[in-house]
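K.L.:
First the structure, then my questions, so here it is.
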Amino acid sequence: MRVDKFLWCIRVYKTRSLSSRAGREGRVEINELKCKPSKDIEPGDVIGIRRTGSHRLYKVCSRPKSRVGAALVSTYANEVTPQHELDRIEQVRLMALGQPHHLGRTGRPTKRDRRLWSKGRGDDERH
C-alpha cells in the first residue's frame, strides 16, 4: 500500500490530497528516509510525519483495505512518538487555546467582533 493512502486510511490526514502533498514536500519519512507519496509500506515500518513544530512517529502493524474508523486505527498503526515530543505538542496546543479568537483572522469582521467594538466605544446604548 502507498504511504500517502495509508496515512489517509489511518486518519493522520483529512484528505488523500493533503497526504500526498505532505509526501511531495518531504514531510514524510519511512524508517528515517524521506520518501515519495508512492512509496510502498510494509508491516514493521516506522513512518515519521513532520508538521509545524512537531515530529510524530507511527509504526505500521498491518495494512487496511480502506479508510478505517477512529476506533480501529490502533489495529493498523501504533504511535511511537517519544514522550518529550508529545509534551511539546501539548504545550503548543495549550498556548494556542489561550490566544484571542481574532488573531490571524483576515477579512470582514464578524457580528461578534462588531458588538465588542461597539461596547468598547460606548455605543451599546439603544434609543
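Computed from the coordinates by the stated procedures, all read-outs in this text should not be read as laboratory data. Keep in mind that what you see is a predicted model, and the values were worked out from it rather than measured. All Cβ positions, even for glycine, are placed from backbone atoms using ideal geometry, and neighbour counts span all protein chains on display.
K.L.:
Once you sort the root eigenvalues of the Cα gyration tensor of region 20-91 as a ≥ b ≥ c, which label holds: rounded (a/c under 1.5), prolate (a/b larger than b/c) or oblate (the other case)? Before the final figure, lay out each step's value.
P.N.:
Working: a/c = 1.70, a/b = 1.13, b/c = 1.50.
Taking the square roots of the gyration eigenvalues as a ≥ b ≥ c, region 20-91 is oblate.
K.L.:
Same structure again: Pairs of lysine in region 3-101 with Cα under 14 Å and at least 8 positions apart or on different chains: total? All intermediate terms of the calculation are to be shown ahead of the outcome.
P.N.:
Values: K5/K14; K5/K36; K5/K39; K5/K65.
Total qualifying Lys-Lys pairs in region 3-101 comes to 4.
K.L.:
Taking the Cβ of each residue in K5, K65 as the centre, tally the other Cβ atoms inside 10 Å and list the residues starting with the fewest. Walk me through the intermediate numbers first.
P.N.:
Working: K5 19, K65 7.
Arranged by neighbour count, lowest to highest, K5, K65 become K65, K5.
K.L.:
Among V80, V28, which comes first, then next, by fewest other beta-carbon atoms within 10 Å? Before the final figure, lay out each step's value.
P.N.:
On the way: V80 12, V28 25.
The most exposed by this proxy come first: V80, V28.
K.L.:
Pop the C-beta distance of T75 and N31 into the FRET formula with R0 = 25 Å and round what comes out to the nearest 0.05.
P.N.:
Details: r = 21 Å, r/R0 = 0.85.
E(calc), rounded to 0.05, equals 0.75.
K.L.:
Per 0.36 nm of contour for each residue apart, how much would the distance between K59 and S118 grow if the chain were fully extended, relative to their Cα-Cα spacing? Show your work: numbers first, answer last.
P.N.:
Numbers: separation 59, 0.36 × 59 = 21.24 nm, distance 5.31 nm.
Net length gain for the segment: 15.9 nm.
K.L.:
From Cα pairs below 8 angstrom and at least 6 apart in sequence, can you work out the relative contact order of region 1-93, rounded to a whole percent?
P.N.:
Values: 153 pairs, mean separation 23.4, N = 93.
Computed value for region 1-93: 25 percent relative contact order.
K.L.:
In deg cm²/dmol and to the nearest 500, what is the mean residue ellipticity at 222 nm of the chain if only DSSP H runs of at least 4 residues count, each as -39500 (n - 2.57), divided by the residue total?
P.N.:
Values: 5 runs with 46 residues, N = 127.
It comes out at -10500 deg cm²/dmol, rounded to the nearest 500.
K.L.:
Select from K59, K34, K111 the residue whose mean-square fluctuation is largest in a Gaussian network model of the chain (Cα-Cα springs shorter than 10 Å).
P.N.:
K111
K.L.:
Right, something else. Among (1) 1.12; (2) 1.50; (3) 0.95, which one is Cα Rg over 2.2 N^0.38 Å computed from these coordinates?
P.N.:
Checked against the structure: label (2).
K.L.:
Rank the residues H84, H55 as a footprinting-exposure proxy: fewest other Cβ atoms within 10 Å of their Cβ go first.
P.N.:
Values: H84 8, H55 15.
By the 10 Å Cβ count, ascending, the order reads H84, H55.
K.L.:
Under 23 Å Cα to Cα from K119, which lysines show up? Leave out anything in the same chain fewer than 8 places away.
P.N.:
K111
K.L.:
Sort 10-16, 85-91 by packing, meaning the average of other beta carbons within 10 Å per residue, with the highest value first.
P.N.:
Values: 10-16: 16.0, 85-91: 12.6.
So the peptides 10-16, 85-91, ranked by packing, come out 10-16, 85-91.
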